[in-house]
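Working notes for the structure below.
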Amino acid sequence: MPRELITQEENVTTADLLTRVGQAESVNKAPANDGHEAIFPNTDSENFRRRWTDIQASFVDEPKPSVENADQLVASVIQKLTQVFADERSKLEQNWSKGGEASTEDLRQALRRYRSFFDRLLSV
């Protein structure tokens, strides 16, 4: 944020500045394009980031509740990640576990999808 904007405003709280910095960082942050689909849909990611910015901004006035909220948010993200993995696993297993022997090609495709999902996890 340009220095002149900060000095010209009156009654700007630290929380206001943290919120603005967080917003600027999210605007300037280019999405990684490593050839992999994002783990979470954009709406979920944006919601998680917005909630984090709110938590961070409230820390100055309410440090303990902010840390408690951060803990809950991280738990929510992990729970969502677990659900995404379970859904992905279900899709993969449905593709090649149809009662009989899976062909080598089916298994190769399944392994490719697992690798893609694994790479997405590590890119987080």
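The values are calculated or read from the model by the stated rules, or taken from the named source; none is laboratory data. Not measured: the values here are computed from a predicted model. Note that we place each Cβ from the backbone using ideal geometry, even for glycine, and neighbour counts take in every protein chain shown.
Inside region 84-122, can you point out the residues that are exposed (fewer than 11 other Cβ atoms within 10 Å of the Cβ), within 25 Å of residue 42 (Cα to Cα) and either hydrophobic (A, V, I, L, M, F, W, C) or modelled with pLDDT under 80 (or both)?
86, 122
With the requirement that a residue be free of Cβ contacts under 8 Å to residues at least 12 places away in the same chain, within 14 Å of the chain's Cα centre (by Cα) and in a helix (DSSP H, G or I), what does region 40-98 give you?
The answer is 42, 43, 45, 46, 47, 50, 74, 75, 78, 79, 82, 83.
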